[in-house]
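Presented below is the structure to which this report refers.
Laboratory data are not the source of any read-out in this text; all were calculated from the coordinates shown. Just so we're clear, the structure is a prediction, and the values are computed from it rather than from any experiment. Using ideal geometry, Cβ is built from the backbone for each residue, glycine included, and neighbour counts are taken over all protein chains shown.
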Amino acid sequence: MIGTRASELLRVVHENPDVTRADAARLVGIGTGAATELVARLTAAELISERPAEPSGRGRPTTVLQPHPKGPLVLAVAFTHESWRAEVVQLGGAVVACDGDEEMAHAYGEGDRILVEVKDRLTRLRRRFRGRIRGMGVSVPGLVAMDRLVEASTLGWSGVNLATLWPNAPVTAVGNDATFAGAAESRRGAAVGAAVALHIRVDAGLGGALVENGRVLTGAVGLGGEFGHIPFGADDVECPCGARGCWGPSLDGHALARLLDHPDPKDPVAYARRVLAAAATEAGERERQAVEVVAARLGRGIAGLVNAIDPDLVSVGGLGVDYLAAASRSLDDAYLAGLMAFRRSDPPPVVAAELLEGGPVAGAAEEAWARLWPLLPT
């Protein structure tokens, strides 16, 4: 098993692509001699490699630490309500291969059958890299407890064992898509450097994550971040979870359809994007008004969470990015009005997620790496 200092050095290389050996030593808190010894061990173990750094003109020359060309990889898989995507990710976060299916709508309620098909594609990816893939992270739009999917109402899946995608994998991390997206934003996106970051993702449902000093707070059994089920919504709207008044159904495509007196959409995300596109046209006054109502609901709910949680930054993903762009005034006004008065002079910024739709799969890779560090040999 890898030692603590070696594991910390690997983490630094992962989180800081092209970090110099001198800077890595400083971040780990070790001297140059110890860093030289650690780098030699990790290079011999085919975990990292070195190349000369660009000359700076000052001091002794140093090297840049990078992934070893034969080094470990992780497999990251992300399911949405309509598709799946897999990425093979190396140390540092770069994607070296990918696969997927953009049309999985036929899979509603057929989780076990779909997993058989996906497993076959993932097995081919693993064979391609001849044992270099050491772990797997899986993102899914549903309730996940203790690395097992409890329910994904948008997929019609219940009790599906996602670990069957790679039986006996050295590392398997399963998580909610919004939770993983929040983790990725804190490590590689809009929330890097925030001590306490709140992430909200609006998709076919609403979820999120609270991240403190880089660590996602998931609760006792992993169900933390289900912000869409806080009763910020209308009492007369029943959520697929069985409760009434949930926040999520007041923000999605179904909510826009109710505001516009349209039939309930089969695909709420695609419908919401059509409404947003129409709202951007001269003839889209009704659509603009509906988007502004939903954006205000989002802003007001974020204010409630900020009052309760006290983050220093809020990132929004999924359709939240579109609402922020299309109706920022409505969202901002509702957000400020909902904050406690003392917060309004310096409110936590609400920003668009940087990783966009890639957030969940990036987060799946990050969680797989986090679990893999202690298991890597030196």
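Computed quantities for the displayed model
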| read-out | value |
| --- | --- |
| Listed residues Ser139, Ser345, Ser158, most fluctuating in the chain (Gaussian network, C-alpha, under 10 Å) | Ser345 |
| Region 4-67, relative contact order in percent, only Cα pairs under 8 angstrom and at least six apart counted | 37 percent |
| 5 angstrom amide H check on Thr172, placed H, neighbours 5+ away | Met136 |
| Helix runs (DSSP H) in the chain reaching 24 Å along axis by Cα, Kyte-Doolittle at least 0.0 | 285-309 |
| Calculated FRET value between Leu27 and Asn161, using beta carbons and R₀ = 45 Å, to 0.05 | 0.70 |
| Mean ellipticity per residue at 222 nm, deg cm²/dmol - from DSSP H runs of n ≥ 4 across the chain, formula -39500 (n - 2.57) | -11500 deg cm²/dmol |
| Choice from Val140, Val316, Val221 showing the highest fluctuation, given a GNM over the chain with Cα pairs closer than 10 Å | Val221 |
| Other-chain or far-sequence residues with amide H under 5 Å of Cys246's (modelled H) | Gly233, Cys239 |
| In region 225-328, GluC sites (Glu not before Pro) in a DSSP loop with at most 14 other beta-carbon atoms within 10 Å | Glu282 |
| Choice from Leu251, Leu42, Leu331 showing the highest fluctuation, given a GNM over the chain with Cα pairs closer than 10 Å | Leu42 |
| Long-range HN-HN contacts of His68 with modeled amide H, under 5 Å | Ile48, Ser49 |
| Magnitude of the charge dipole, region 4-67, Cβ model with Lys/Arg +1 and Asp/Glu -1, debye to 20 | 200 debye |
| Potential lengthening between Phe342 and Glu285 on full extension [0.36 nm per residue; Cα-Cα distance subtracted] | 17.0 nm |
| Listed candidates (i) 172; (ii) 162; (iii) 131 - label of the one calculated as volume of the Cα convex hull per residue in Å³ | (ii) |
| Rel. contact order, % - alpha carbon contacts under 8 angstrom, at least six apart, the chain | 17 percent |
| Value of relative contact order over region 248-374, rounded to a whole percent, pairs C-alpha under 8 Å and six or more apart | 23 percent |
